[in-house]
């Protein structure tokens, strides 16, 4: 991080109607730690929606560049921020998140913290706090650093949250609402499930793209025209190989078990294709390629926000753990929770978790919740 003198320096400017750091009193406030592609994009997206955003970075010049590009209102810490996004490399996320939470606790604030790392189990194990919710926006760009930041980066993307038994329900609901406001579709997974699934859909594809580019570059030494022959399919498959390699060292270290397992499965699939091509087994090839084409066509085009939604009300104990169990159940069923909030009871330690889900999924979600021992009230039920 930047030096204590830089992080704690007086805020620039103050005027009537502004808080001490120059923030209008009416604005919601957020802080971003790490102002590269994702952190800068978060800052831009929040500011576009009226937030006052401060930020810091291990490289002060990058934070100031983010400010010049419109991702930040000021550089430094904001003790009045209600949400802090830790957007640092995975290797430093636990340390940075702990530091943030220590400062929040010392200040007596109820602010929440989240991260954006693409590995979640090790972070969840290292940051055990009710107001920390691990997160991973499934969005990116070949561009790196502040120059690649884009206020529209999260429109239509999936943003995974990984609540645990420790998670405060109100903190989760608040974070979910803010992320949804950025245009993202929020799903909840356990940290372990996240890492296993993302190894298949993100980590292994990146390594595969890198392997294909290595093969092509090696062949180019013998056939100078090879890369000139690379058409759309090859370029599409290897696009992610252009990303900054630095972050992938951390990812491969922190999610090694899941990546190794997924690479083993991919190797077995490729061996099946190799054997079929070698033996001329056109029946296998036709079936496998057809199944792959159908599966590819079934991929969701993006976040869907159906107009027809319904409230699913679940009376629950007003305590940590309830969000993790219910939202991960919904995500496991493929049900997109459009919104949620907690209605607290003034008597006792109970409340009502209100989920807003597509009408088409409400019945199956209600049945699953009842099977899990919950009482469920669908809008319109007597």
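FYI, it's all coordinate maths here, none of it is from the lab. Keep in mind it's a predicted model, so treat the numbers as computed, not measured.
Some observations on this one:
- Of all residues making up the stretch 176-185, the number that are part of a strand (DSSP E or B) and more than 30 Å from residue 350 (Cα to Cα): 0
- Screening the stretch 186-268 for helices (runs of 4 or more DSSP H) wholly inside it with 1 or more residues that are within 20 Å of the chain's Cα centre (by Cα) returns the ranges 191-198, 204-220, 246-254.
- Total residues in the stretch 101-120 satisfying the condition of being under 14 Å from the mean Cα position of the chain (by Cα) and farther than 20 Å from residue 206 by Cα: the figure is 3.
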